[in-house]
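Structure, as structure tokens:
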Amino acid sequence: MRDLKVVFHLFEQSSRLAKKRAFLTIAAIAWGTVAILLLLAFGEGLKRQLDSNRKAMGENIAVVWSGESSKPYKGLPVGRDIKFRIEDIELLRARIPEANFAGEIIQWRTSLAYGTKAVNSRVKGVHVEWGDMRKHFPVEGGRWLSALDEKEKRRVVFMGDETAKDVFGTTDPVGKLLLINNAPFTVVGVMQRKVQMGAYSGPDKNAVVIPISTFKAMFGRDQLSNIVVQSPKPGQMKGILRQMNEVLGGKLGFDPEDDRALPTWDTVKSAKTNMNFSMGIQIFLGIIGALTLLIGGVGVANIMYAVVKERTKEIGVKMALGAKARWITLPFVLEGLVYTFLGGAAGTLIAVLLVTGMGFIPSQGNRVMEFLGKPTLSPLIGLATAGILGVIGLLAGWFPARRAASIDPASTLRYE
Amino acid sequence: MLALAENQPAPAKLGPQAVPAPSIIRMEEVRKVYDTGKVKLEALKGVNLDVTKGEFLAIVGPSGSGKSTLMNLIGCLDTATSGRYVLGGDDVSRVTRDQLAEIRNRRVGFVFQSFNLLPHISAAENVEMPLVFGGVPVKKRRDRSRELLERVGLGDRMDHKPTELSGGQMQRVAIARALAMEPDVVLADEPTGNLDTSAGGDIMALFQELWRGGSTLVVITHDPSLAKRAGRVVEVRDGRIVSDERTENRPG
Ligand SMILES: Nc1ncnc2c1ncn2[C@@H]1O[C@H](COP(=O)(O)OP(=O)(O)OP(=O)(O)O)[C@@H](O)[C@H]1O
Ligand SMILES: [Mg+2]
């Protein structure tokens, strides 16, 4: 208690003459705080954006293509083409009921026409389930393909938003007749705009989708380009893919251990890599920010070192009058902490204002922001910054204070 | 006698064995060696000294003879390399840094040649500084600093900063500060060294007044006129006490 009173008394006395110094140090810390908060906010925004862009293709999905056997299997030679067909989806659904499966067949560069406008685009035949798995959500007023469409091989088409715009311009395509290879298809829906990171055979916005049954009837192909698999939980994907290899291996004749037979893109696995990547960026930005803040802290410590040096004699006098070492050191520690706290508070305020301000910039159609995302502050960022500030504040006061405490009053007062 | 803080702890028994002694200061074979890396310099080579309560002791001797070193040891600003030192009945040869601080606060009042007032605070706050360290409550501090500054003739300069005072006035503030905690002994190292003759005379008169008031004073001086007023003169040469004589002077 007495310690505290003495320390506050001394702190109050010494802070009276330090207005300019206080301002400079607080500004340095504030600047560092703004830097670290903005960097981390950008990192967080980028992380969230990458995450949502990545999920735009579908969550917990894997894409499986047909490949070539690289291991002999039951007397069959290596190098055999492995091909799967629409009917194999039925088999997979029956044998692995916990997962979702959908087939996809692609017809490249097919002519699409409406009125006088004609373009070439991809046409995909897919199972109805594919729409949810691959996040093909319709714009208001339209719909996705239905089970009935598939069953009755209806000539209906769901259009990627960019292709829809290329063909129809400003006209609403829903209900209009689109000629695919001169065959008339009714447009039932247009895909909602999405920022998609990661795609195979081109982005979703540049294709049109029809029921797989219609596709087979029209183009006479039932060999799948690829299968899309969705696991109920990310952790189950690995097991489901192994089961899938066993089921198809038995039917199509390849070793389930043969990883060349069905080349697979497991987005669950690549999501982890992505997360690590985001985390890496976060850490990198955090370190840069922490270093900036550290420079501020070094500034505080430096100024306080100078103060200790300048006041060596004063400290010696106080010691001669009976001040204990901790009464000399604690005001310095306190000073470091107070400056850091004030600087941190000011910096946080500025950073929050800036981040909030940036939140008002519209990101729709702004390509940079669509990729980088909006800077976002999270409680974790606040906590990390506060922690770093606290440590820096303590150190900034601690080192000068230690020097002050090591002052030997006798030799300080010797030289008159 | 002024009662100090209520929460003031009882003076700690500092040494392993408390020695009952009539003297305030007792040094036995005290040595001080400064070890500056290469060279070891023996500044005090076995000093024996006894000072009883109410004495006015002047320490004289040539420059570099070890007077300030001796005073630092007496004032517990520094510790002896060997020998025994008993201050006010307690052996302080081996105590912790905190205990030394406590002793300096309660038992010793320092007066320096260059005053060593804290420049940024007022005369009154300077006088209060030892009281702050001694845990004396604010109200008592104020009263005590006023009383002391009035006693040294500076009742009207309480709120002046040291830079606004003359040398003689600064030294009087320093003396008031030295008296703040009612120390066992007031130590002064060349208190008139930075003052002109008239201001120096005032300070000497003030010391004599303190002596009359019952204070124990140890004053280092080159000034023969100051030494002449002391009750006892000790001469130091080359780290040893070479003479120790009582004068005719009495406090009254
Ligand atoms: N901290 C120290 N480190 C090394 N040597 C020291 C130290 N303090 C004092 N000395 C040496 O000890 C000797 C005595 O010094 P001291 O200051 O006690 O002399 P003094 O009698 O007070 O001299 P003066 O009259 O000039 O003040 C000197 O030779 C000095 O150089
Ligand atoms: Mg000296």
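Since every read-out is calculated from the coordinates, none of them should be taken as a lab result. This is a predicted model, so every value here is computed, not measured. Cβ atoms come from the backbone with ideal geometry, glycine included; neighbour counts cover every protein chain shown.
Worth pointing out:
- Each residue in B:Leu154, B:Leu44 was given a count of other beta-carbon atoms within 10 angstrom of its own, and listing them fewest first yields B:Leu154, B:Leu44.
- Dipole orientation for segment A:61-267: of the candidates A:Leu177, A:Met159, A:Val190, A:Leu177 has the Cα lying most toward the positive pole (charges on Cβ; Lys, Arg +1; Asp, Glu -1).
- At 0.890 mPa s and 25 °C, Stokes diffusion of the protein assembly as shown via Kirkwood alpha-carbon radius, µm² per second: 75 µm²/s
- Fluctuation leader among B:Lys32, B:Lys45, B:Lys139 - chain B, Gaussian network, Cα springs under 10 angstrom: B:Lys139
- Contact order relative to length of chain A, as percent, for alpha carbon pairs under 8 angstrom and 6 or more apart: 30 percent
- Taken residue by residue and averaged, Cβ atoms of other chains lying within 10 Å of the Cβ of B:64-76 number 2.
- A:Ile61 long-range amide H proximity, modeled H, under 5 Å: A:Thr267, A:Val268
- Cα-based shape type of segment A:173-250, given that a ≥ b ≥ c are square roots of the gyration tensor eigenvalues and the cut on a/c is 1.5: oblate
- Sorting B:Arg172, B:Arg97, B:Arg157 by the number of Cβ atoms found within 10 Å of their own Cβ, with the fewest placed first, yields B:Arg97, B:Arg157, B:Arg172.
- Inter-part distance where segment A:208-229 and segment B:185-252 are each reduced to a Cα centre, Å: 114 Å
- Rough spin-label spacing in nm, given labels placed 7 Å along Cα→Cβ, for A:Thr170 and A:Arg414: 9.2 nm
- The calculated FRET efficiency for the pair B:Asp50 and A:Lys19, based on their C-beta separation and a Förster distance of 45 Å, comes to about 0.30.
- Between the alpha-carbon centres of segment A:136-191 and segment B:46-114 there is a gap of 101 Å.
- Cα centroid separation, segment A:257-309 to segment A:50-125: 37 Å.
- Less than 5 angstrom separates the built amide H of B:Phe56 from those of B:Leu217, B:Gly231, B:Arg232, all sequence-distant by 5 or more or on a different chain.
- Residues in segment A:248-264 that a label on A:Glu98 would reach, taking backbone N under 18 Å of a point 7 Å out along Cα→Cβ: A:248
- For chain B: relative contact order, % (alpha-carbon pairs under 8 angstrom, 6 or more apart): 26 percent
- Spin-label pair A:Val352-B:Asp156: with each label point 7 Å from Cα along the Cα-Cβ axis, the two points sit 5.6 nm from one another.
- Förster radius 45 Å - calculated FRET efficiency between A:Asn120 and A:Ile287, Cβ distance, rounded to 0.05: 0.40
- Over the protein assembly as shown: helical MRE at 222 nm, DSSP H runs n ≥ 4 each giving -39500 (n - 2.57), nearest 500: -15000 deg cm²/dmol
- Positive dipole terminus of segment B:23-246, leading residue within B:Gly46, B:His120, B:His222 (C-beta point charges): B:Gly46
- Cβ-based exposure ranking for A:Thr348, B:Thr81, B:Thr197, in which fewest neighbours within 10 Å come first: B:Thr197, B:Thr81, A:Thr348
- Pairwise label distance in nanometres, A:Lys251 with B:Thr197, each label 7 Å out on the Cα-Cβ vector: 12.3 nm
- Above 26 Å, the calculated P(r) of segment A:121-245 contains 23 percent of its Cα-Cα pairs.
- Share of alpha-carbon pairs per 10 Å distance bin for segment B:23-246, given as whole %: 8, 34, 36, 19, 3, 0
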